[in-house]
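First the structure, in the form of structure tokens, and then the observations on it.
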Amino acid sequence: MVTISRIRTEKIPFWASIRFKILLAFFVVVGTSFLVAATRLTGVVSDYLTEQRTREDTQAAESLAAVYGPLMQSADSATLTSRLKDSADGLDGRLLLLDTDGKVQFDSMRDLCGQRLRLAEVVRVLVMDETSAYGMHREDRETVSRMTGETEAEYVAYGAHEMVGPRGRNGVLLYVSRIQGMMDSMYAVSSQLNMVFIIIAVAALALALILSQVLTTPIVDLSRTMRKMGRGDLSVRVQEKGGGELRQLAENYNTMAAQLENLDKSRNQFVSNASHELKTPLATMKILLETMMYQPDMPEEMRQEFMGDMNHEIDRLTGIITDLLTLTRVDTAGGDMKREEINMTALTGEVIRLLAPAAEKRGQLLAYRAEPGLTMTGDRNRLSQVLYNLTDNAMKYTQDGGSVQVSLTGEGEELVWRVRDNGVGIPLEDQEHIFDRFYRVDKARSRETGGTGLGLSIVRQLVNMHGGTVSVESEPGAGSCFTVRLPKDGKGGERA
């Protein structure tokens, strides 16, 4: 059983969760964006209204100054005051005519006559010789009420423009503008935008809650499933819902989980098979030894036979251990290969010459055909073991007097070994399992020939290390053909 140590199962605080971070990011992005937009829009509206009011008030003061400048010295007081009041009513403001000393001579509201006004706009015209001046101010309500007549207002604007008569500059026209309505409008716009901002922020938060729930639920499910797997349940899977990266994550996890489960089952099966394979020769030797111990008068001929059987079992036990060690080295250090340029044509001939005496002893025809000059990059010893195991396996399962043919060809960017025999063949239902460890088609026959059930597994591992493939075609009674395809650079597995 695969176990994973130190699996964390404590509950993650909400503030440290992905959901909170998504909420925070969504809220900050949406909130900041709208806040900037609302602030900018409020500023644009305020600037527009202020500029428009400044322009209108300045133009009104200028035109009125042109009218009342000549009248300042020619018209009688009653007539001038009456006209001034009519003009002020038309503008919804207050008009005052000041002399060059800043003293009010005429007032449309008639209560500031004779007083000297020290307003900044008046000073700029009279003292600084500016033609006109305009300014908006926030004053206390008493001052605003005294200047405009509005009891609840806090804002007032002053527009001053020089007056010129027949004898030159003769004073200043002061236009007191009531701007509280404009300021109220700007505040109303700002309040409405703030209200919209709050509504959008709440809506964004609600949407973020929904989206974060949708986005984090698969991750939470995956985490929960991983905790179960960490406790030893390798059969658990996550639901593959939705689309995009989250679905891909679920699919990849399920694939990984399936591979781990298969690996765990294979390991358990491997341990079970290895134990059985090791136990069998030991049990046989124990029986033989006990028989010899309890029968001291055993005939010498039988004793020699028992000793020979024990030697055979020891050889088989040694073969199993050797193959197990080979598989272990391949599994744990698969990438640690000695890569070199190999003359595969020569290598094929060397392997065939090694096996030729065994084939001759059984009267088998062992022939090979290799195209000249074929080379590839790889581990010479391991590739030699691939061909040796396949050819030796073919010889074991081919009757005496049969034939085994080996060929090496170049096909594009690949080298292809084919090992063909006319032996017993392999049933179709067994062909997909023959590369599994300790798998035997005929267990009794395999043990008779000294097979460990690991040779083809070693072949597949070594071929995979070189980025190649191995396959079999067989028909019972008609022999088998094993085909090994190897990329010439020996790196197909790394690219994959």
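Here, each number is a calculation from the coordinates, and none is a lab measurement. On a predicted model such as this, the values are computed, not experimentally measured, just so you know. Backbone-built Cβ (ideal geometry, glycine too); neighbour counts: all protein chains shown.
Would you list M307, M298, M183, M344 from fewest to most Cβ contacts within 10 Å? Walk me through the intermediate numbers first.
Values: M307 12, M298 15, M183 20, M344 23.
With the fewest neighbours first, M307, M298, M183, M344 line up as M307, M298, M183, M344.
When T148, T483, T131 are ordered from fewest to most other Cβ atoms inside 10 Å of their Cβ, what list results? Walk me through the intermediate numbers first.
On the way: T148 22, T483 16, T131 13.
Ranked by crowding around the Cβ, least crowded first: T131, T483, T148.
In the stretch 12-232, what percentage of the DSSP-assigned beta bridges are antiparallel, given to the nearest 5?
Numbers: 26 of 26 bridges.
Around 100 percent of the beta bridges assigned by DSSP in the stretch 12-232 are antiparallel ones.
Count charges around L112 for me, please; just the other residues with Cβ under 12 Å from its Cβ, Lys/Arg as +1, Asp/Glu as -1.
Around L112, the charge tally is +3.
Note down the net charge around T79, summing +1 for each Lys or Arg and -1 for each Asp or Glu among other residues with Cβ under 13 Å from its Cβ.
Details: positive: R83, K85; negative: D76, D86.
That works out to 0.
Mind ordering 361-370, 419-428 by average Cβ neighbours within 10 Å, highest first?
The densest-packed peptide leads the list: 419-428, 361-370.
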